[in-house]
Amino acid sequence: MPYDEEKQYGESPSPTRPMGIDEKQAAATVDDDSRGTSTEQEYQGTVVKQDNGILSKLRNLEAAMDRKLGVESEAIDRKLPSERQTLTWRSQLTMCLLWASGTMNLSCFATGFLGWEFGLSLKQSILICLFASLLGGAVSGFCATLGAATGLRQISIGRYSMGWYPNKIIAALNTIQQIGWSAVGCITGGIALQAVSNGSVPIAVGIIIIAVVSLVVSLVGLKVILVYERYAWLIYLVIFLIIFGMTGRYADNTTPTELTGADLSGTVLSLIAIVYGSSASWATVASDYYVLYPADVSRTKVFILTTLGIGLPTAIGMMAGCVVSSALNNRADWATTYGPDNRIGFLIQEMLYPRGFADFILVLLVLSGVNCNILNTYSAAISCQQLARPFARIPRFIWTIACFGVIIALALAGRNQLLAYLQNFLSLLGYWCTSYFVIVFSEHYIFRKGNFYNYDLEGWNDPKSLPLGIAGFSAFALGVVMWCMGMVETWYVGPIGKMIGASGGDIANELTFALTLSYIPFRWLELKYVGR
């Protein structure tokens with residue numbers, strides 16, 4: 001029997017909530033509709049006011065750009081079967097290669113220096129980078145499996161567990177997260193550009209250049225992004241292999257860590273939190289890039305390819321940073337070049353040879369920040385559209401430009417403290433992504449029996465067809481309490497995290513995971529007394 005997605009996932013009533021209005025009517029009932037008229041229409045008892053103001057004109061402009069350039073004028077809408085692409089071996093490889101291009105970059109290389117900064121040995125740093133990265137990648141891999149089956153972006157999927165209004169918190173946090181990651185990419189790219197220009201190009205100028213290039217590609221839309229990211233990874237894999245080959249002989253693989261007991265445990269936990277947060281941070285955007293795949297694509301294949309596509313390339317970049325940073329123990333000249341200002345760009349320029357080749361590698365590494373920023377900026381704009389219904393009226397390209405401005409401001413503010421920026425920001429990413437994962441995973445497998453028949457996909461944009469979100473909000477709020485109790489940041493150390501060693505041990509993710517499981521009894525009570 002031929003596969004019919006609308007029949008399989010769109011018409012079966014949910015056992016936990018009533019069926020919503022159909023998709024076209026759902027789009028019409030949204031009070032942010034802007035079809036360019038000044039009339040009022042009524043759908044399902046909801047009055048929809050339409051106008052021909054500036055927002056309507058902007059959306060008409062976006063629609064025209066969509067017809068000519070494919071910029072996705074309706075980016076947050078659910079993708080229907082007619083809009084899906086045929087599954088090919090090339091598109092299946094993209095499930096993995098897309099993430100490899102976005103993660104194998106200079107930011108991950110810089111993160112690899114943290115193990116050395118914390119006083120861990122090379123072996124310890126490499127093992128943590130590998131396994132913590134794969135663990136975070138698995139969290140993102142699960143979330144990716146929901147995209148093709150539903151045709152919805154990741155933030156929209158969260159509505160089925162968090163509810164309409166609490167899910168706006170997720171949209172806001174995701175926007176902040178993607179903008180922050182883009183700022184990191186701009187900083188590292190700016191540092192590399194400064195080095196390759198021998199200091200003639202300030203970091204600030206490099207930041208603006210990286211942000212502008214990222215903006216241009218992000219404006220075009222998903223189809224172009226998928227094609228670009230499918231091939232970009234190969235360049236950076238070769239670069240990191242060159243770095244391993246040229247610096248590996250100087251790596252310090254013999255000096256043990258001086259940390260012992262609780263101090264060692266605390267430091268290991270803190271580095272795990274940072275590395276895990278780097279890979280897990282893709283969880284809230286993962287399904288954004290699968291909505292054009294057929295709904296019956298193997299979810300096991302999606303999970304495996306996404307997990308490996310995020311976890312392994314991230315680990316490769318970080319392990320290169322581990323090797324180079326350990327070599328600073330044996331190469332005093334490299335340590336002097338790196339200096340207290342963490343001049344990674346100048347270090348790369350000195351450790352690779354000949355000089356012209358090193359400059360060429362630096363130019364390519366500058367572009368690595370673009371790969372990551374393209375994904376971040378694209379998803380940040382989609383999240384902005386889901387913060388509130390009026391925000392959905394604003395075209396995606398306007399939100400992309402707005403995010404671009406904020407990214408530049410953040411990058412300029414943090415350009416001189418890259419490692420401190422990474423240490424604090426990446427840890428925070430893991431905390432709330434852990435809460436999000438536990439809630440969405442529990443909803444899917446416990447309350448919807450892992451079956452998409454039990455989702456009212458036509459009601460994705462109708463608050464009456466979604467949970468109230470009492471359970472999701474309560475469990476998420478308890479998770480926030482655990483973040484504060486277990487986190488270890490330069491600006492704040494939680495009371496529980498403070499108890500592990502002299503410098504503290506970050507166990508916020510572990511505590512958050514445990515307490516967010518309260519979603520299960522909360523959701524059971526919500527279904528029993530509310531009914532949806």
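The values are calculated or read from the model by the stated rules, or taken from the named source; none is laboratory data. For clarity, every value in this text was computed on a predicted model and none was experimentally measured. Glycine gets a Cβ as well: all are built from the backbone with ideal geometry, and neighbour counts include every protein chain shown. Each accessible area value is taken on the protein alone, full model and side chains, heavy atoms only, with ligands, DNA and RNA left out. Shrake-Rupley method; radii C 1.70, N 1.55, O 1.52, S 1.80 Å.
Given the condition in contact (Cβ under 8 Å) with a residue 40 or more places away in the chain, open to solvent by less than 60 Å² (accessible area, probe 1.4 Å) and under 30 Å from residue 162 (Cα atoms), answer yes or no: does some residue in segment 225-232 qualify? Within segment 225-232, one or more residues are in contact (Cβ under 8 Å) with a residue 40 or more places away in the chain, open to solvent by less than 60 Å² (accessible area, probe 1.4 Å) and under 30 Å from residue 162 (Cα atoms).
Among the residues in segment 97-107, are any open to solvent by 10 Å² or more (accessible area, probe 1.4 Å) and modelled with pLDDT under 90? Can you show your working first?
If we filter segment 97-107 for residues that are open to solvent by 10 Å² or more (accessible area, probe 1.4 Å), which is where we start, we get 97.
Among the residues that remain, those that are also modelled with pLDDT under 90 are: 97.
Yes, because at least one residue in segment 97-107 is open to solvent by 10 Å² or more (accessible area, probe 1.4 Å) and modelled with pLDDT under 90.
Just one of (1) assigned to a loop (DSSP other than H, G, I, E, B); (2) in contact (Cβ under 8 Å) with a residue 40 or more places away in the chain fails for residue 198. It is (2). Counting only residues that are within 20 Å of residue 435 (Cβ to Cβ) and part of a loop (DSSP other than H, G, I, E, B), segment 490-504 holds 4 of them.
Tell me, yes or no, whether segment 217-236 has at least one residue that is closer than 20 Å to residue 344 by Cβ and hydrophobic (A, V, I, L, M, F, W, C).
Pass one, segment 217-236, residues closer than 20 Å to residue 344 by Cβ: 235-236.
With hydrophobic (A, V, I, L, M, F, W, C) added as a condition, the list becomes 235.
For segment 217-236, residues closer than 20 Å to residue 344 by Cβ and hydrophobic (A, V, I, L, M, F, W, C): present.
Rundown of residues vs (1) in contact (Cβ under 8 Å) with a residue 24 or more places away in the chain; (2) crowded, with 24+ Cβ neighbours inside 10 Å; (3) on the phi < 0 side of the Ramachandran plot; (4) outside any loop (DSSP other than H, G, I, E, B), yes/no style:
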{"site": "120", "(1), (2), (3), (4)": "yes, yes, yes, no"}
{"site": "135", "(1), (2), (3), (4)": "yes, no, yes, yes"}
{"site": "148", "(1), (2), (3), (4)": "yes, yes, yes, yes"}
{"site": "177", "(1), (2), (3), (4)": "yes, yes, yes, yes"}
{"site": "192", "(1), (2), (3), (4)": "yes, yes, yes, yes"}
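Taking segment 237-262 on its own, how many of its residues are among the β-branched types (Val, Ile, Thr), in a helix (DSSP H, G or I) and either open to solvent by 30 Å² or more (accessible area, probe 1.4 Å) or without any contact (Cβ under 8 Å) to a residue 60 or more places away in the chain (or both)? So that I can check it myself, show each step before the final result.
Kept after step one, since they are among the β-branched types (Val, Ile, Thr), are these residues of segment 237-262: 238-239, 242-243, 247, 254-255, 257, 260.
Narrowing the set further to residues that are in a helix (DSSP H, G or I) leaves 238-239, 242-243, 247.
Still in the running and either open to solvent by 30 Å² or more (accessible area, probe 1.4 Å) or without any contact (Cβ under 8 Å) to a residue 60 or more places away in the chain (or both): 238, 242.
The qualifying residues number 2.
Anything in segment 468-481 that is open to solvent by 30 Å² or more (accessible area, probe 1.4 Å) and touching a Leu at 6+ places or on another chain (Cβ under 9 Å)? List them, or say none. Please lay out each step first, then the result.
Of the residues in segment 468-481, the ones open to solvent by 30 Å² or more (accessible area, probe 1.4 Å) are 468, 470, 473-474, 477-478, 480-481.
Correct list: 470, 478, 481.
Can residue 412 be described as part of a loop (DSSP other than H, G, I, E, B) and at pLDDT 85 or above? Considered against the rule, which asks whether it is part of a loop (DSSP other than H, G, I, E, B) and at pLDDT 85 or above, residue 412 comes out as no. Residues in segment 158-169 that are closer than 13 Å to residue 436 by Cβ and either open to solvent by 10 Å² or more (accessible area, probe 1.4 Å) or out of contact with any helix residue (DSSP H, G or I) (no Cβ under 6 Å at 6 or more places or on another chain) (or both): 4 in all.
Determine, yes or no, whether residue 287 is open to solvent by 10 Å² or more (accessible area, probe 1.4 Å), at pLDDT below 95 and in a helix (DSSP H, G or I). No: the conditions fail for residue 287. All told, residue 372 meets the bar of being part of a helix (DSSP H, G or I) and within 21 Å of residue 106 (Cα to Cα). Taken as a whole, the condition of being out of contact with any strand residue (DSSP E or B) (no Cβ under 9 Å at 6 or more places or on another chain), open to solvent by 50 Å² or more (accessible area, probe 1.4 Å), β-branched (Val, Ile, Thr) and not in a loop (DSSP other than H, G, I, E, B) applies to residue 304. Of the residues making up segment 481-495, none is at pLDDT 90 or above, of a type in the set (D, E, K, R) and out of contact with any Lys or Arg (no Cβ under 9 Å at 6 or more places or on another chain). The residues on offer are 149, 110, 183, 132, and the sole one that is of a type in the set (Gly, Ala, Ser), modelled with pLDDT under 90 and over 14 Å from the mean Cα position of the chain (by Cα) is 110.
Within segment 328-359, the set of residues being part of a helix (DSSP H, G or I), open to solvent by 60 Å² or more (accessible area, probe 1.4 Å) and over 17 Å from residue 251 (Cβ atoms) comprises 336, 355, 357.
Within segment 449-508, the set of residues being touching a residue at least 12 places away in the same chain (Cβ under 8 Å) and of a type in the set (Ser, Thr, Tyr) comprises 453, 455, 465, 474, 490, 503.
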